[in-house]
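The values are calculated or read from the model by the stated rules, or taken from the named source; none is laboratory data. It should be emphasised that the depicted structure is a prediction, and the values quoted were computed from it without experimental measurement. All Cβ positions, even for glycine, are placed from backbone atoms using ideal geometry, and neighbour counts span all protein chains on display.
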Amino acid sequence: MKNVLVIFGGRSAEHDVSIITGISIISALSSLNEYSVHPLYIAKNGGWYSSEKLKQMETYQNQSEIESILKNEKTWSLDFKNGLTLTQSGLFKKHLEISVAFPAMHGTNGEDGSLMGLLRFANIPFVGCDLEASSIAMDKVLTKQVTAQYGLKSTPYTHFTDIDWSQNQQTILEQINKLKYPLFVKPVHLGSSIGITKVIEPNKLTQALEVALHFDNKIIVEEAVPNLIEVTCLVLGNPPALTTSLVEAPKWHADFLNFEDKYIHKGGSITKGSSETTIIPAPIDDELTKQVQELTKRTFTSIGGNGLIRCDFLINSETREIYLNEINTLPGTLYIHNWKKSGISSSELIDRLIKLALEQHENNKKYTYTFNSSVLQTAQGGSKKLSQI
Amino acid sequence: MLIKFLSGLYPNIPFKLVYMLQASEYNRISFLEWFKRCKNFQSLNQRKQFKYTLKTKILLATTYFLYIFWLLLIFFNTWNFYQIQKYPLALIIPYLVAGIFLTPIFLTYSLVIISWLGYQLIQKPQEKKITQQAKLKLSHHPATKIAILGSYGKTTFKEILQTSLAGSKKTRSTHGNQNTPLGISHFVNSLTGDEEVLIFEFGEYYPGDIKQLAEIVRPNIAVITGINEAHLAKFKNLEATVNTIFEIQSFVDPENLYINGDSPLAKQHSPQNSTLYTQQGISNKLVIQNPTSNLEGTNAQIIFNNNSFTLKSKLLGIHQIAPLSCAFFIALKLNCQPHKVLDDLLVMSVPKHRMEPKKLNSGATLIDDSYNGNPTGAQAAIEFLGNLTETKKTYVTPGLVELGKQTQTIHEEIGKKLAKNVDRVVLIESPAIQYIEKGLNDSHFTGSILHFPSMIEFLKHLENLTIANEVILIQNDWPESYL
């Protein structure tokens with residue numbers, strides 16, 4: 001039986017969403033007989049915890065219970081000798097050898113590739129996109145730059161860093177004013193619509209930029225799409241064998257699909273996925289549906305994706321142009337609600353993702369990472385022996 | 001074996017034994033069979049609420065007394081043998097160990113004896129008195145008395161008939177397990193005397209049961225809903241089942257005896273001039289046309305007395321058409337208005353746990369048929385699943401109980417039928433599922449087969465295992481006494 005480690009929580013703005021995703025993965029894994037499931041919860045204080053109680057959503061909903069666990073339970077650490085071993089501190093250490101890791105940490109220090117780098121280091125299979133694809137998807141500017149090479153359209157945009165802003169505000173504002181209003185101001189590295197503002201009039205621009213700079217050191221400003229239909233599509237697999245989901249159209253109540261709509265309103269379009277918060281299939285014709293699904297696959301391949309990603313597209317319903325808005329390599333709850341409508345149950349989804357991870361890990365073994373060379377023989381540097389002086 | 005006997009030493013063992021005796025409906029043979037089968041008394045899941053009646057309180061008190069008495073006896077004897085008699089340890093220790101391990105056996109058989117004695121000395125005379133009173137009361141009651149009997153489909157037919165009649169006549173029917181002489185007598189006791197129609201469900205478990213019930217009730221009309229291998233373990237053979245059910249014909253005129261003509265055994269033994277009802281109609285008096293059934297319900301056109309009526313019901317399965325039409329026919333014969341009957345049948349709720357549809361969060365539809373534990377019902381449910389247009393069809397079952405020597409054959413047939421009609425089969429651990437699996441394999445089933453140790457365990461994972469546009473049918477849930 002394979003030991004699967006589900007890693008969730010983390011020190012990010014999406015900590016709570018990560019718990020929801022982690023618990024739904026654990027629940028689906030528990031329905032499969034071939035895996036032994038182990039949670040690794042990374043608390044907001046950075047401590048790592050693993051216990052049976054951490055597999056239940058009720059634990060996190062009860063403040064005193066979670067505080068008790070953080071206070072009384074011993075922390076765990078990772079050991080990279082011979083793969084990945086989870087070790088609990090204490091007089092009688094507990095060890096658990098991990099067969100497969102399942103990252104479920106949204107946002108910074110997790111989904112952005114940080115965790116994937118650590119797991120690569122351990123040389124064990126892990127579910128989902130690798131470091132490169134994760135870091136590309138996490139950066140909205142990089143996303144546009146990379147996918148543009150593969151023919152994917154984005155709306156006109158500009159970007160700058162906090163240093164640029166402190167040194168060249170006027171130039172930046174002039175660049176921005178070349179774009180057509182309304183505009184979207186976004187932190188480049190954040191997800192779940194955190195820190196995003198829709199700017200309809202120029203006099204609101206500066207405030208929106210300041211809000212975004214509060215969350216990130218890099219900002220993107222892009223044009224809104226008129227006659228908008230916003231759609232989402234997911235893809236599952238390792239290239240070239242890819243399966244797309246049904247195309248979905250989230251319902252939103254503010255100026256755009258914000259955090260409230262995604263996670264709170266009527267359970268959330270992502271966390272609940274009910275018909276009150278999202279429409280599956282999206283109300284677009286078959287031709288557009290096929291195009292969106294093809295573009296999703298192309299996006300996946302362009303960033304070097306593995307496992308699963310979600311792509312958000314903006315469609316101008318009059319011109320029928322489709323713009324890639326965002327890529328998400330770890331969508332909340334893995335969008336289980338969409339997969340169910342697409343004909344894949346949550347346990348089947350999780351099982352496939354694990355098998356894809358194992359397949360990718362096997363595939364990576366064919367590459368050579370180290371080799372012998374004579375470069376050391378002619379190298380200079382370091383302290384010399386007396387006989388060499 | 002060691003785990004079994006160790007688990008029988010816990011202080012809660014008297015309670016567990018009395019609980020199981022009650023769950024076995026005080027059937028001492030079923031109780032003893034469970035005792036022999038049980039591998040761990042502590043893993044018993046109490047699925048029913050334990051009823052604290054006078055009977056169970058007496059049994060509990062007695063069993064706890066015997067438990068303490070037995071252990072004290074063992075320990076006292078051990079001390080005696082050791083201290084006074086000075087027997088060697090090589091004799092004393094085995095005695096002590098044997099005594100302790102025999103505790104559950106002693107308690108179980110003591111309980112059986114006490115229960116039997118209580119029944120013979122107290123319960124049976126009381127039951128006789130109560131049933132005589134009920135018989136007398138019914139003999140003076142002016143209501144039309146209708147008996148529903150058969151191997152399967154009784155409760156559903158009773159509900160349908162109750163609905164058909166209640167809109168026009170003051171109608172009462174027996175509830176739940178009021179299908180024994182005592183149960184029916186308690187029902188009769190509750191009557192006010194002004195009822196116009198009384199509907200009785202007759203339960204048959206042993207030869208003579210129907211005769212005994214019919215002698216109390218003296219029905220004017222009887223309906224035989226079908227005969228099959230259900231309860232074969234008690235009847236031993238189908239001939240005994242047929243003979244028992246047809247004990248009713250001595251009490252009812254043939255033209256008032258309605259028999260399910262779709263049941264080959266029932267049809268074969270039907271007396272002349274009895275009224276056969278089938279999915280095609282009723283003995284040339286009523287014709288059924290265009291029957292359909294899906295997840296929304298079951299519909300048909302009824303042609304009766306040159307009039308055409310549209311029958312619509314929320315009940316699921318084409319096999320419901322026959323009982324629906326028969327109940328309609330009986331209601332009209334008792335002078336009910338046809339449109340009133342049809343309106344009432346349209347809004348009739350699906351009886352709980354009998355092809356009862358429920359929507360899941362995933363968008364899938366769960367059909368709860370957990371009270372259906374007979375072969376004909378199972379076949380009908382599988383056929384219903386097979387005819388649905390939904391994307392994925394899953395059938396969940398632990399198999400059927402009380403089929404005696406036919407257990408293997410019937411379950412293999414179920415497996416073969418499943419292979420042609422569903423995409424996935426979930427087998428809940430029981431002695432019968434191996435035969436279903438054989439039937440599936442023999443038919444080269446290409447779908448998936450999942451195994452779960454219990455229905456509760458499966459239901460925990462249900463949402464994870466299903467997709468939208470899937471139909472999952474749960475057939476039969478074994479009573480604890482069969483696990």
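Points worth noting:
- Residue match in region B:404-413 (condition: in contact with a strand residue (DSSP E or B) (Cβ under 6 Å, 6 or more places away or on another chain) and away from every other protein chain (no Cβ under 14 Å)): no
- Per-region count, region B:187-202, residues surrounded by fewer than 19 Cβ atoms within 10 Å (Cβ to Cβ), more than 17 Å from B:Ile130 (Cα to Cα) and in contact with a strand residue (DSSP E or B) (Cβ under 8 Å, 6 or more places away or on another chain): 2
- Flag if B:Gly176 is assigned to a loop (DSSP other than H, G, I, E, B), without any contact (Cβ under 8 Å) to a residue 40 or more places away in the chain and touching a Ser or Thr at 6+ places or on another chain (Cβ under 9 Å): yes
- Options B:Ile221, B:Ile259, B:Ile184: the member that is modelled with pLDDT under 95 and surrounded by 19 or more Cβ atoms within 10 Å (Cβ to Cβ): B:Ile184
- Residue in region B:134-156 that is touching a His at 6+ places or on another chain (Cβ under 9 Å) and assigned to a helix (DSSP H, G or I) present: yes
- Residue satisfying all of: in region A:331-373; of a type in the set (D, E, K, R) and away from every other protein chain (no Cβ under 14 Å); surrounded by the fewest Cβ atoms within 10 Å (Cβ to Cβ) among these: A:Lys366
- Matching option when the condition is among the hydroxyl-bearing types (Ser, Thr, Tyr) and over 29 Å from A:Glu359 (Cβ atoms), among A:Tyr157, A:Tyr150: A:Tyr157
- The set of residues from region A:1-20 being under 16 Å from A:Lys53 (Cα atoms), in contact (Cβ under 8 Å) with a residue 60 or more places away in the chain and among the β-branched types (Val, Ile, Thr) comprises A:Val6, A:Ile7, A:Ile20.
- Yes/no for B:Phe69 being aromatic (Phe, Trp, Tyr) and either part of a loop (DSSP other than H, G, I, E, B) or out of contact with any helix residue (DSSP H, G or I) (no Cβ under 9 Å at 6 or more places or on another chain) (or both): yes
- Verdict on A:Val146 being among the β-branched types (Val, Ile, Thr), in contact (Cβ under 8 Å) with a residue 24 or more places away in the chain and part of a helix (DSSP H, G or I): yes
- Residues satisfying the stated conditions in region A:1-43, i.e. more than 16 Å from A:Gly110 (Cβ to Cβ), within 14 Å of chain B (Cβ to nearest Cβ), in contact with a strand residue (DSSP E or B) (Cβ under 7 Å, 6 or more places away or on another chain) and at pLDDT 90 or above: A:Ile26, A:Leu29, A:Ser30, A:Tyr35, A:Val37
- Within region A:348-377, considering residues that are of a type in the set (Asp, Glu) and over 21 Å from A:Ile336 (Cα atoms), the one nearest to the chain's Cα centre (by Cα): A:Glu359
- Residues in region B:459-483 that are within 12 Å of chain A (Cβ to nearest Cβ), buried (at least 16 other Cβ atoms within 10 Å of the Cβ) and either at pLDDT 90 or above or under 22 Å from the mean Cα position of the chain (by Cα) (or both): 10 in all.
- Residues satisfying the stated conditions in region A:216-242, i.e. closer than 22 Å to A:Asn338 by Cα, in a strand (DSSP E or B) and touching a residue at least 60 places away in the same chain (Cβ under 8 Å): A:Leu228, A:Ile229, A:Glu230, A:Val231, A:Thr232, A:Cys233, A:Leu234, A:Val235, A:Leu236, A:Gly237, A:Asn238
- Lone unmet requirement of (1) away from every other protein chain (no Cβ under 14 Å); (2) in a helix (DSSP H, G or I); (3) surrounded by fewer than 20 Cβ atoms within 10 Å (Cβ to Cβ) for A:Thr319: (2)
- Any hit, region A:96-106, residues being of a type in the set (Ser, Thr, Tyr) and farther than 19 Å from A:Ile25 by Cα: no
- Matching strands (runs of 3 or more DSSP E) fully within region B:299-381 where at least 2 residues are in contact with a helix residue (DSSP H, G or I) (Cβ under 6 Å, 6 or more places away or on another chain) and at pLDDT 95 or above: B:307-313
- For region B:229-283, taking the residues that are assigned to a helix (DSSP H, G or I) and of a type in the set (Phe, Trp, Tyr), the one that is nearest to the chain's Cα centre (by Cα) is identified as B:Phe235.
- Count of residues meeting criterion [more than 13 Å from A:Ser347 (Cβ to Cβ) and either assigned to a strand (DSSP E or B) or within 11 Å of chain A (Cβ to nearest Cβ) (or both)] in region B:434-458: 4
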